[in-house]
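Trainee: Handing you a structure now.
The values are calculated or read from the model by the stated rules, or taken from the named source; none is laboratory data. Treat the numbers as computed from the prediction; the structure is a model and nothing was measured. Cβ placement follows ideal geometry from the backbone for every residue including glycine, while neighbour counts extend to all protein chains displayed. Calculation scope for accessible area: heavy atoms of the full protein, side chains included, ligands and nucleic acids excluded. Shrake-Rupley method; radii C 1.70, N 1.55, O 1.52, S 1.80 Å.
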Amino acid sequence: MGVLTISRQVRNRLHGSWMLISLIFVVLLPFLLGTGLYIKSANLLSNHSISSLLFSTEWKPISGKFGLWPFILSSLWVTILAVLFAVPICLLTSLHITQYAKRWVLSLMHPIIDILAGIPSVIYGVWGVLIVVPFVADYIAPLFGKTISGYSILAGAIVLAIMIIPFMLNILMEIFKTIPEELTEASLALGATRWQTIKKVILRKAFPGIVSAIGLGLSRAFGETIAVMMVVGNVTRIPYGTLQPGYPLPALIANNYGEMMSIPLYDSALMLAALVLFVIVLFFNFASRMAIVRLEKNL
Amino acid sequence: MRKTSRIEERFFRVLMFFSTAFIAISLLLIVFSIVYKGLPSLSWEMLTQEPKGGFYFGKEGGILNAILGSFYLAIGATLLAMLIAIPVALFINVHLRKYKKSTNFIRFLLDLMWGVPSIVYGAFAFGVMIYLGVRTSLLAGIITVTLFIIPIMIRSFDEVLKTIPNGLLESTFSLGATLSETSYRVVLRQCIPGFITSILLSFGRAIGDAAAVMFTAGFTDSIPTSLNQPAATLPLSIFFQLSSPIPEVKARAYTSALVLTVIILLISIFARYFSRKYEKNKIRF
């Protein structure tokens, strides 16, 4: 009996300490990532000022010029456009699913959303090359009297929009579900129609949540790499329109890892690009998550 | 007034219907176009052979190296991630159950990590590899993907564990069970259906990710036989083949995409099946 209890206690201790070690590791991980990337890009940062690196438009690694502005701008274009496409669709669909839809629609849409969320990025890229790029080249560009290959910011944004739809949709549905039933019932009992209830009660109550869902979608879209890289054209230039090719930050990192060891400071510049990406994504995520936490407290 | 509001409601209901249909149709379109383009060059040879000389010029060979490489990588990463994710998720939900502030902080941090793009993990791991002077290898790929799926896994375990009622914990404690016995023998068992779904979904994430393995696992035409050899992966194989100008190679990129899509669909079906199957072993309250 005594031996048994001791071994049980020992096992409890062992499990407990492994749990604690794992937890500490996980909690430290983001700081590890941040400092690691910072140390790696410090070489470049000691020679150039941060603003000249971020806002200079000259990207000539061979002569030591590392201006990230064209890439940051491309990323912003693609991301913002994608979110603009995705938000109305997500809002309408999530309202439909949570407020109106019959049972069979629900049981049909749930697996569809799950599968869309699970499809790998590279498959979206292949689909983009197969469908979206020719579509942009053959139908959209002629509308503006242009002939292009189709590999453009617009194509990237369309692919990206489809990719973030399941992600944003899930968050929005969660948010609409947290709105207390009593509120909508009270509104309906006062004679408001479903749509009036949605407009005046649900959307108003969920507004902070909607904003944060958009923020999360934005940060998800900002870091998407391979699908966008396959359709966006990858030309180092300041993009002036949506039909022009762009070169987002993640694509820059992914495309150049092979040659970065041969040119001095090149690896530092790419690590800086990764750090910029990390900081921007964390910022959007942080702000949106904070807003959601607030929302849940207020309900 | 009344009429306009009715028209408005009609209008938005139609819009809602169309946007819901749009999502369903886009999934169909994606799957259909991949199947349509990928099926013609699907062959037994494609699935069972490694690339031969001249494979990237349209000669014979297959993508077995990438299929196996992806499975090795994803299985390794999933197992390694479970080793950390299960204890952490249990710790948050059993040991720290009463400390709402710290659990909320940990969850918040995990949510932040969840949003970090895989390319950042890839770049970070590559930086560490340069520092240590190691070359691309299966092991490096596994570790990178592990880091990337840990937050995803913990959070989805966590969602399952949240549903455990306090009463279950209290009754096991009152029977004299230690914290670890409660965690592993009672709580973990109760949550197996949900856990299997989470594990399969993380596995799907691991097998489909390209950006994190690009720098770390490398690419090779042979099947890796040890952890310190580089390994090919399906997403990268698709990417490289698609960027070729030769039509035969492009056609095979579509076929490889079809293979990956089928794997992902199978995972999703298995996840549903297992979660239903083990549901009946749960204790009901």
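Trainee: Are any of the residues in the range A:15-31 touching a residue at least 40 places away in the same chain (Cβ under 8 Å) and either charged (D, E, K, R) or closer than 30 Å to A:ALA251 by Cβ (or both)?
Mentor: Taking every residue of the range A:15-31 in turn, at least one turns out to be touching a residue at least 40 places away in the same chain (Cβ under 8 Å) and either charged (D, E, K, R) or closer than 30 Å to A:ALA251 by Cβ (or both).
Trainee: Can B:VAL134 be described as in the same structural domain as B:LEU110 (by TED's automatic domain parsing) and either surrounded by 19 or more Cβ atoms within 10 Å (Cβ to Cβ) or assigned to a helix (DSSP H, G or I) (or both)?
Mentor: It is false that B:VAL134 is in the same structural domain as B:LEU110 (by TED's automatic domain parsing) and either surrounded by 19 or more Cβ atoms within 10 Å (Cβ to Cβ) or assigned to a helix (DSSP H, G or I) (or both).
Trainee: If you don't mind, there's one more thing I want to ask. Without any contact (Cβ under 8 Å) to a residue 60 or more places away in the chain and assigned by TED's automatic domain parsing to the domain that holds B:ALA81: which single residue out of B:SER171, B:SER183 fits that description?
Mentor: Step by step, each of B:SER171, B:SER183 is checked, and only B:SER171 is without any contact (Cβ under 8 Å) to a residue 60 or more places away in the chain and assigned by TED's automatic domain parsing to the domain that holds B:ALA81.
Trainee: Among the residues of the range B:143-179, write down those that are open to solvent by 10 Å² or more (accessible area, probe 1.4 Å), within 22 Å of A:VAL27 (Cβ to Cβ) and in a helix (DSSP H, G or I).
Mentor: Within the range B:143-179, B:ILE143, B:LEU147, B:PHE148, B:ILE152, B:ARG155, B:SER156, B:GLU159, B:VAL160, B:LEU179 meet the criteria.
Trainee: All but one of (1) part of a helix (DSSP H, G or I); (2) of a type outside the set (Gly, Ala, Ser); (3) modelled with pLDDT under 90 hold for A:ILE263; state the number of the condition that does not hold.
Mentor: Of everything listed in (1) part of a helix (DSSP H, G or I); (2) of a type outside the set (Gly, Ala, Ser); (3) modelled with pLDDT under 90, A:ILE263 misses just condition (1).
Trainee: Then there is this: Only one of these is within 27 Å of A:PRO166 (Cα to Cα), surrounded by fewer than 16 Cβ atoms within 10 Å (Cβ to Cβ) and either in contact with a Ser or Thr (Cβ under 9 Å, 6 or more places away or on another chain) or away from chain A (no Cβ under 14 Å) (or both): B:ILE34, B:ILE75. Name it.
Mentor: Result of the check over B:ILE34, B:ILE75: B:ILE75.
Trainee: Since A:THR147 meets every condition but one in (1) touching a helix residue (DSSP H, G or I) at 6+ places or on another chain (Cβ under 6 Å); (2) more than 17 Å from B:PRO117 (Cβ to Cβ), which condition does it not meet?
Mentor: Status for A:THR147: all satisfied but (1).
Trainee: Next question. Return only the number of the condition from (1) in contact with a helix residue (DSSP H, G or I) (Cβ under 7 Å, 6 or more places away or on another chain); (2) at the interface with another protein chain (Cβ under 8 Å from one of its Cβ atoms); (3) not charged (D, E, K, R) that A:LEU108 does not satisfy.
Mentor: The failed condition is (1).
Trainee: For the structure I just gave you, tell me whether B:SER70 is within 24 Å of A:ILE292 (Cα to Cα) and part of a helix (DSSP H, G or I).
Mentor: No; evaluated as a whole, the condition is false for this residue.
Trainee: Also, I was wondering about something else. Can we say A:TRP77 is closer than 30 Å to A:SER212 by Cα, touching a Pro at 6+ places or on another chain (Cβ under 7 Å) and either open to solvent by 60 Å² or more (accessible area, probe 1.4 Å) or not in a helix (DSSP H, G or I) (or both)?
Mentor: yes
Trainee: Can you tell me which of (1) at pLDDT below 85; (2) touching a Ser or Thr at 6+ places or on another chain (Cβ under 9 Å) is the one B:THR233 doesn't meet?
Mentor: (1)
Trainee: Here's something else I'd like to know. Tell me, please, whether a residue that is farther than 29 Å from A:ALA137 by Cβ, assigned by TED's automatic domain parsing to the domain that holds A:ALA157 and open to solvent by less than 20 Å² (accessible area, probe 1.4 Å) can be found in the range A:241-252. I'd like the intermediate steps shown before the answer.
Mentor: Looking only at the range A:241-252, we keep the residues that are farther than 29 Å from A:ALA137 by Cβ, and these are none.
Within the range A:241-252, none of the residues are farther than 29 Å from A:ALA137 by Cβ, assigned by TED's automatic domain parsing to the domain that holds A:ALA157 and open to solvent by less than 20 Å² (accessible area, probe 1.4 Å).
Trainee: Tell me which residues, restricted to the range B:253-279, are away from chain A (no Cβ under 12 Å) and charged (D, E, K, R).
Mentor: B:ARG276, B:LYS277, B:GLU279
Trainee: Just a yes or no: is a residue in the range B:103-112 open to solvent by less than 20 Å² (accessible area, probe 1.4 Å), over 30 Å from B:SER237 (Cα atoms), more than 10 Å from chain A (Cβ to nearest Cβ) and without any contact (Cβ under 8 Å) to a residue 40 or more places away in the chain?
Mentor: Yes - at least one qualifying residue is present in the range B:103-112.
Trainee: Shifting gears a bit: Can you confirm whether B:VAL213 is open to solvent by 10 Å² or more (accessible area, probe 1.4 Å), more than 10 Å from every other protein chain (Cβ to nearest Cβ), β-branched (Val, Ile, Thr) and in a helix (DSSP H, G or I)?
Mentor: Judged against the criteria, B:VAL213 is not a match.
Trainee: Okay, next question. Search the range A:154-181 for residues that are within 14 Å of chain B (Cβ to nearest Cβ) and pair each with any residue that is open to solvent by 10 Å² or more (accessible area, probe 1.4 Å) and of a type in the set (Asp, Glu) when their beta-carbon atoms are under 9 Å apart and the residues are at least 6 apart or on different chains.
Mentor: Hits for this filter: A:VAL159/A:GLU224; A:LEU160/A:GLU224; A:MET163/A:GLU224; A:ILE164/A:GLU224; A:PRO166/A:ASP114; A:ASN170/A:ASP114.
Trainee: Can you give me the number of residues within the range A:147-161 that are open to solvent by less than 10 Å² (accessible area, probe 1.4 Å) and either of a type in the set (Phe, Trp, Tyr) or assigned to a helix (DSSP H, G or I) (or both)?
Mentor: 7
Trainee: Can we say A:ALA82 is in contact with a Gly (Cβ under 9 Å, 6 or more places away or on another chain), crowded, with 21+ Cβ neighbours inside 10 Å and within 12 Å of chain B (Cβ to nearest Cβ)?
Mentor: Criteria not met by A:ALA82.
Trainee: Where residues in the range B:188-210 are away from every other protein chain (no Cβ under 14 Å) and of a type in the set (Val, Ile, Thr), which of them is nearest to B:TRP114 (Cα to Cα)?
Mentor: Step one: list which residues in the range B:188-210 are away from every other protein chain (no Cβ under 14 Å), which gives B:189-196.
Still in the list and also of a type in the set (Val, Ile, Thr): B:192, B:196.
Working: B:ILE192: 23, B:ILE196: 19 Å.
The selected residue is B:ILE196.
Trainee: Which one is farthest from A:ALA291 (Cα to Cα), of the residues in the range B:92-102 that are within 11 Å of another protein chain (Cβ to nearest Cβ) and open to solvent by 20 Å² or more (accessible area, probe 1.4 Å)?
Mentor: B:HIS95
Trainee: Please go through the range A:110-146 and give me each residue that is surrounded by fewer than 19 Cβ atoms within 10 Å (Cβ to Cβ) and among the hydroxyl-bearing types (Ser, Thr, Tyr), ordered by number.
Mentor: Of everything in the range A:110-146, just one residue is surrounded by fewer than 19 Cβ atoms within 10 Å (Cβ to Cβ) and among the hydroxyl-bearing types (Ser, Thr, Tyr), namely A:TYR139.
Trainee: Let me ask something else about it. Would it be correct to say that B:PHE203 is at pLDDT 90 or above and closer than 30 Å to B:LEU260 by Cα?
Mentor: Criteria met by B:PHE203.
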